[in-house]
1. Using R₀ = 56 Å, calculate the FRET efficiency as 1/(1 + (r/R₀)^6) where r is the Cβ-Cβ separation of residue 359 and residue 223; round to 0.05.
2. For region 57-186, what's the relative contact order in percent, using C-alpha pairs closer than 8 Å and at least 6 residues apart?
3. In nm, to one decimal, how far is the residue 124 label point from the residue 319 one, both placed 7 Å along Cα→Cβ?
4. Taking a cut-off of 24 Å, what percent of all Cα-Cα pairs in region 216-319 are separated by more than that?
5. Apply 1/(1 + (r/R0)^6) to the Cβ-Cβ distance of residue 263 and residue 304, taking R0 = 35 Å, and write down the FRET efficiency to the nearest 0.05.
6. Where does each of 404-416, 219-231 land if you order them by average Cβ count within 10 Å, highest first?
7. Hey, what did region 161-276 get for relative contact order, percent, Cα under 8 Å, at least 6 apart?
8. Per q in 0.16 Å⁻¹, report the Debye log10 I(q)/I(0) for region 122-165, using one uniform scatterer on each alpha carbon and no solvent.
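No lab work stands behind these numbers, since they all come straight from the coordinates. Bear in mind the structure is a predicted one, so any value in this text is a computation, not a measurement. In this analysis, Cβ positions are derived from the backbone assuming ideal geometry, glycine residues included, and neighbour counts consider all displayed protein chains.
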C-alpha cells in the first residue's frame, strides 16, 4: 500500500479511457458527538438524501448550472462525502482501488491511498466498484472497498489509523459484484455489515454466533460487539428513533430487522416476501413507518412499528409491485415517497402514498435515477448523466430545467452541500453552482 501526494493523481488519471459511473444506493449518524454538517455519510447528514440548503435556483440556463470545476476520476460507484474544505470518495484504476481526498473548491488531490483489489468477471460486468460510500466521524474517515477491506484514516493526512480485512479476518463472503454496504457511525462505534460463509438457505438466527453486524471502536478498531446471523446484501443500515429508543434498522437478503446499536441485541425481525434484489436502503418516516423497496420479482412495502411494555412489534401494512427500486433512493415529503422505479427494463419516476401504497402518478422521460431534495426542490440524476431540477407533490412532477452533465452509467447519487452540487460518473467528477 502506498500514498501519493498532490498533483500525482491528476497526472495518472488524465487520458485514461474508462467506461462510465454509479452507486449502490434514512436516521442520522453520530460519531464523537454529532457528525459535522456537510455530507458526512451515505445519504447525507440525515442519511435520507435530504439537506437543509436554501436559496437554490428555481431554474437553470439551457446549458445547465455553472461549472465551478471538473476533473477526471477513475471508475467506481462510491458517492462523495464532504467535510469542511475536503471531499472524499473512492475509485478504481484496473486492479487497484484508491481512497482520495480533494480540495472541495478546486478538485485538486490533497491525499490518496492505493490498495490492490483484484476483480472477477462478474464484478466487471457493470463496473467493479468500489460501491460503498466513505463515512466521516470525528477526525476519521472510514472506507470499505470492493473486496471488503476496511480502513480508518486520519481524514486530514490520509495516515492509516487501523484496518480490517473483513473477508480474511472474519471469513466473510464477498458478494458476487463486490462489497456494497456503507458503514454507519453511532456513539464511539462504526457499524458495518459483515456476514459469514453459509449454504444458500442456511441460517441459525443465533445472535451470539452471528456477525451480520459488527461494531468497531472508532479509535482503535477493536470489536465492541458482533451479532445476528442473517445473510446480508448491498443495502446499508439506518438509525431511527422510535418512541425514545434508538434502533439500527438493516434490510438484508431475505429479512429486515432492528437491533439495539449499543449491544447488537435483536429488537424485531420480519421476513421480506416475495424476495428480490434488496439493494436500496430503507426509509424512516420519523414516526412509526419504515418503507423499503426491492427490484426484480419483489416490490415496495411498508412496515408499521408499535410498542407495548417496552417491546417493539412490526407489521407489514401494505405491499405493491408497482414500485421496484433497484439501487437508487427515494425521497419522502410528507406522506409520499418519490423515486425511480425500474431495474433493467423501462424506468418511471413516480410518487407513492406511504400510508396506503397507492401510486399517485408516474412520469416517463428519465432512465433509472437517483435524487436529492432541498429547498422544496428535487435534483435528479439519471443513469445516462442527465441532470434535472424539478418540483414534486402528490399531483405530479414539474421539470423546470434539464441538462447533460455525465455519461452512462451515472449511478452515484449527487451530493449537495450549501449551493454546490457534486456529481460523478465513471469518468469524471464535476462541481456545479446550483444557487
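1. On the way: r = 45 Å, r/R0 = 0.80.
Result of the calculation: an efficiency of 0.80.
2. On the way: 261 pairs, mean separation 25.0, N = 130.
Reported relative contact order: 19 percent.
3. The answer from the label model is 3.9 nm.
4. Of all Cα-Cα pairs in region 216-319, 22 percent lie more than 24 Å apart.
5. Numbers: r = 25 Å, r/R0 = 0.72.
After rounding to 0.05, the efficiency reads 0.90.
6. For the peptides 404-416, 219-231, the packing ranking is 404-416, 219-231.
7. Relative CO of region 161-276 lands at 19 percent.
8. Evaluating at q = 0.16 Å⁻¹ gives log10 I(q)/I(0) of -0.46.
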